[in-house]
Structure formats: structure tokens, C-alpha cells
Amino acid sequence: QVQLVESGGGLVQAGGSLRLSCAASGRTFSRYVMGWFRQAPGKEREFVATINWSGISTYYADSVKGRFTISRDNAKNTVYLQMHSLNAEDTAVYYCAAAPTPTLRVSPTWYDYWGQGTQVTVST
């Protein structure tokens, strides 16, 4: 069982930056692939980024590649999403999730555990 709690969301101007954090409970955090997803009003939940257990392998959605960076600190049971050059299309509720799989996954169906989400709003 893994419990996830996101933080770091808020209101930011277009072009600004935010860093989201996701704190995980449980001693097996390092065994999970971690992912970030987001959901905007009226839209389906979409993949943002994922990272493997060691932090060496990452994968990003095309829409955030070059602007967002996912990282993890297994000693702190925390995964991060650093976001730069934010624009209005990035406005959404951001969720972190954990997948009990050794390989990176894009589909949310692979992720067994989800946080409650944190709101990111980009003003123009």
C-alpha cells in the first residue's frame, strides 16, 4: 500500500515556474515507477511525465518536453515535477501516481495508487 500526497500547486503567471512535490508513505517507494498526470476541466486525465525506480530513466509528454523535469529522492520518499515556462494550457489538477512495474508507463491504467491532486492555475 502506498499513500501519495501532492503539494506545491498554486497560481502563477504565464512564463513562470512551479515545483510540485509528491510525498509517499511506505517503505517500498523505491520499487515503484512514479508518474505525473494532469486533468483540466472538461478534459480527460492526461500523462505528463514518468520516472523509473532509480531516477535514471524518464519520459515526457510532447507538450511538456523541455519545460518540465521529473525527479525523485528515494531517501525522502518524494517525487518532484519542476515546471518552467508555464502557459495557460498547463492549467489543471496535477496528480502523482505509483505503478508497481519495472518499466516506464504512460497509460494511467498501470498506476495503482493516486494522490488527491494539486491545482495549478496559470494566468495570462
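The values are calculated or read from the model by the stated rules, or taken from the named source; none is laboratory data. Treat the numbers as computed from the prediction; the structure is a model and nothing was measured. Please note: Cβ atoms are built from the backbone with ideal geometry, for glycine as well, and neighbour counts cover all protein chains shown. Surface areas here come from the heavy atoms of the whole protein model, side chains and all, with no ligands, DNA or RNA. Shrake-Rupley method; radii C 1.70, N 1.55, O 1.52, S 1.80 Å.
Considering only DSSP states other than H, G, I, E and B, which trypsin sites (Lys or Arg not before Pro) in the stretch 39-97 qualify as loop sites with at most 13 other Cβ atoms within 10 Å?
Listed in order of number, the matching sites are LYS43, LYS65, LYS76.
Averaged per residue, the chain has 52 square angstrom of accessible surface, using a 1.4 angstrom probe with ligands and nucleic acids left out.
All other residues whose Cβ lies under 11 angstrom from that of TYR59 are scored, Lys and Arg at +1 and Asp and Glu at -1, for a net of +1.
Suppose R0 equals 25 Å; then what is the FRET efficiency for GLN116 and GLU44 from their Cβ-Cβ distance, rounded to the nearest 0.05? Please report the intermediate quantities before stating the final value.
Numbers: r = 18 Å, r/R0 = 0.73.
Efficiency computed from Cβ-Cβ geometry: 0.85.
Under the criterion of Cα pairs below 8 Å and six or more residues apart, the relative contact order for the stretch 1-103 equals 36 percent. The modelled label-to-label distance between THR103 and SER54, using points 7 Å beyond Cα along the C-beta direction, is 1.7 nm. Would you please name the GluC sites (Glu not before Pro) within the stretch 31-124 that are DSSP coil residues with at most 10 other C-beta atoms within 10 Å of their C-beta? Answer by residue number: GLU44. Counting only protein heavy atoms and a probe of 1.4 Å, the accessible surface of the chain is 49% carbon and sulfur. Accessible-area rank, largest first, for THR101, THR124: THR124, THR101, with all protein chains present and a 1.4 angstrom probe.
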